[in-house]
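Reading through the structure tokens given below for one structure.
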Amino acid sequence: MSSTALKILRSGYVRGDTYVHRLDGRTKFLFFLWISIFNYVFYDVYFSTTSLAVLLGLALISRIWKIVLTVITIIAVPILILGLLILGGPVGFPENKTVIFAVVLFGYRIGFFLEGTVYVSVWSARLAVTITAALLAYLTTHPSDLAAIMLKSRIPYKFAYAFLATVQLIPILTNEISTIYQAQVSRGLNVQAKITERLKSIVVLMIPLTLGAIHQTQTRAIALESRGFSAPVEKVMLRDPRFRTSDYAFFGLMAAFTAFFIYLILTRGLVPFMQGISYVRPGG
Amino acid sequence: MTEGVKKAQPTVVTKPSGFAILQIVLIPVIAALNYVTGVVINLLKLPLFMDTWATMFGTVVAGLWVGVAGGFLYNIVMAFTFWGLPAWVWGFINVYIAVITWVFWRIGWVSIKKPLQLVLAGIIIGVTNVIPVTLINVFIFGALPTYAGTAWIYAIILNQTGSTISAVIGSAIVAEIPDKLLSLILAAVVASRMPARFSLRPQPSK
């Protein structure tokens, strides 16, 4: 997980001049919230998988589909597989009634159930949708635009600084831990040792990293102070993101679909397309 | 002729003048340290998360707000880059961890000089943390088994009780207690090894 997450944080922004790249960061962020919320409102495999297909289409257009598929494979797919085996299987999910198929294993007949399978599929698809929407917004928005958007959205500049500094610091500290790790291995650190020895190894790796990071913190604080970070003046950004026609068109589309979704809720409820499946509360 | 006139010396700044700016700069460091610990855990192939130890460390060395903000920010960054929207709610776990660590630090339990109290504090943090973890697991992740390491415990409890919530609580207890205990010990050890010149708390005026 960490190496993929690191690749994303290190690359941060995937360059491009696609339709998604040209959209304002606020539009993409709003879309991310909008699609995530509706996916949590509806309990429907068809709805969630269609949303995911649309998002993957947008990821394909904006040329970030490889990263998106990798992240989904690492996060959502294991949850789907574990869930299907446990909740879809014969372990004891209380909603299970309808057997989809059964296999004979060591003389035992093991059934797999529709209710558990649907429950796990809906929740996994919800996760995949929100992950894809988040990556779509983050990977196609330039970091400078991200900072400008935060300030324009009246988020305190100290928070905006902290957010962007975290994104920049993670790859730096990861490179440092890699150097410290190699140095410690050359001094006899055994990563194949017993679990208690490996637990002790955390200390020898984390102390130099933490002390180094804190030393840099003091230098960074001086640098920020010397540039008037805390000065009580209005901050100005180099970039000035603005909404364009394509953003307004996107908002129009979202508004139209919101009306359609509300109509679906009023006429068909929270399970609009699945037949013979009732809504299952979180936790079964 | 120039005798008695002091030569102009360049100003050398070795410490920032204000504690507030130091706190702001430390917040992203705490968030990044939480993340990097995940990398270390991967390298050492340990069955733990340990992504709250820096929250505890930040609380101990620089105060409650640094721990709260650093821990919450870690989850915000991960939610907007890798984990997806629902994951931001894990930030509340970090807020809780910072608050409870601060309480134990105030009563003097987060110190390697008091190992018994330190272990007890770690266990209490782990046990009480099961409540917010369960709430988030149920309402955000549908009480699914999200961690392969404890999936078998989840399956056994579900089989015995027929309740996914009980299964989540059971697997959370197994995962949280050792994780939070070791995180607190690590935070206390690293804080104890910090040289005085790296001290982040404001020095009392002489």
* **Subset tally (residues that are open to solvent by 20 Å² or more (accessible area, probe 1.4 Å) and among the small types (Gly, Ala, Ser)) for the stretch A:137-157** => 2
* **Residues located in the stretch B:94-123, provided they are touching a helix residue (DSSP H, G or I) at 6+ places or on another chain (Cβ under 7 Å), outside any helix (DSSP H, G or I) and more than 14 Å from chain A (Cβ to nearest Cβ)** => B:109, B:110, B:111
* **Unique match (being under 17 Å from residue B:70 (Cα atoms) and either facing chain B (nearest Cβ under 8 Å) or open to solvent by 40 Å² or more (accessible area, probe 1.4 Å) (or both)) among A:192, A:168, A:182** => A:168
* Quickly run through the stretch B:16-40 and pick out the residues that are facing chain A (nearest Cβ under 8 Å) and over 24 Å from residue A:227 (Cβ atoms). => B:33, B:35, B:36, B:37, B:38, B:39, B:40
* Residues that are touching a residue at least 24 places away in the same chain (Cβ under 8 Å) and among the β-branched types (Val, Ile, Thr), drawn from the stretch A:99-119 -> A:117, A:118
* **Candidate set: the stretch A:77-95, residues that are in a loop (DSSP other than H, G, I, E, B) and under 24 Å from residue A:48 (Cα atoms); chosen: the one most open to solvent (accessible area, probe 1.4 Å)** => A:94
* Structure fact -> Those residues of the stretch B:77-93 that are open to solvent by less than 20 Å² (accessible area, probe 1.4 Å) and either within 8 Å of another protein chain (Cβ to nearest Cβ) or in contact (Cβ under 8 Å) with a residue 60 or more places away in the chain (or both) come to a total of 7
* Go through the stretch A:214-230 residue by residue and tally those that are in a helix (DSSP H, G or I), of a type outside the set (Lys, Arg) and at the interface with chain B (Cβ under 7 Å from one of its Cβ atoms). => 8
* To do: Say whether the condition of being surrounded by fewer than 24 Cβ atoms within 10 Å (Cβ to Cβ), touching a residue at least 12 places away in the same chain (Cβ under 8 Å), more than 23 Å from residue A:129 (Cβ to Cβ) and at the interface with chain A (Cβ under 9 Å from one of its Cβ atoms) is met by at least one residue in the stretch B:50-64.
  => yes
* Got at least one residue in the stretch A:102-109 being more than 8 Å from chain B (Cβ to nearest Cβ) and at positive phi? -> yes
* Looking at this structure, is residue A:134 under 30 Å from residue A:49 (Cα atoms), open to solvent by less than 60 Å² (accessible area, probe 1.4 Å), at the interface with chain B (Cβ under 7 Å from one of its Cβ atoms) and under 24 Å from the mean Cα position of the chain (by Cα)? -> yes
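Has the stretch A:40-50 got any residue that is closer than 20 Å to residue A:142 by Cα and buried (at least 22 other Cβ atoms within 10 Å of the Cβ)?
Checked the stretch A:40-50: no residue is closer than 20 Å to residue A:142 by Cα and buried (at least 22 other Cβ atoms within 10 Å of the Cβ).
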* To do: Could you please give the count of residues in the stretch B:134-153 that are among the aliphatic types (A, V, I, L, M), touching a residue at least 40 places away in the same chain (Cβ under 8 Å) and buried (at least 21 other Cβ atoms within 10 Å of the Cβ)?
  => 1
* Just one of the numbered conditions (1) modelled with pLDDT under 85; (2) facing chain A (nearest Cβ under 7 Å); (3) over 30 Å from residue A:125 (Cα atoms); (4) open to solvent by 20 Å² or more (accessible area, probe 1.4 Å) is not true of residue B:2; which one? -> (2)
* Out of B:110, B:119, B:189, sole residue that is of a type outside the set (Lys, Arg), open to solvent by less than 30 Å² (accessible area, probe 1.4 Å), touching a residue at least 60 places away in the same chain (Cβ under 8 Å) and out of contact with any Ser or Thr (no Cβ under 8 Å at 6 or more places or on another chain) -> B:189
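The values are calculated or read from the model by the stated rules, or taken from the named source; none is laboratory data. Fair warning: this is a prediction, and the values are worked out from it, not measured in the lab. Glycine gets a Cβ as well: all are built from the backbone with ideal geometry, and neighbour counts include every protein chain shown. Note: accessible area is taken over every heavy atom of the protein model, side chains too, but ligands, DNA and RNA are not part of it. Shrake-Rupley method; radii C 1.70, N 1.55, O 1.52, S 1.80 Å.
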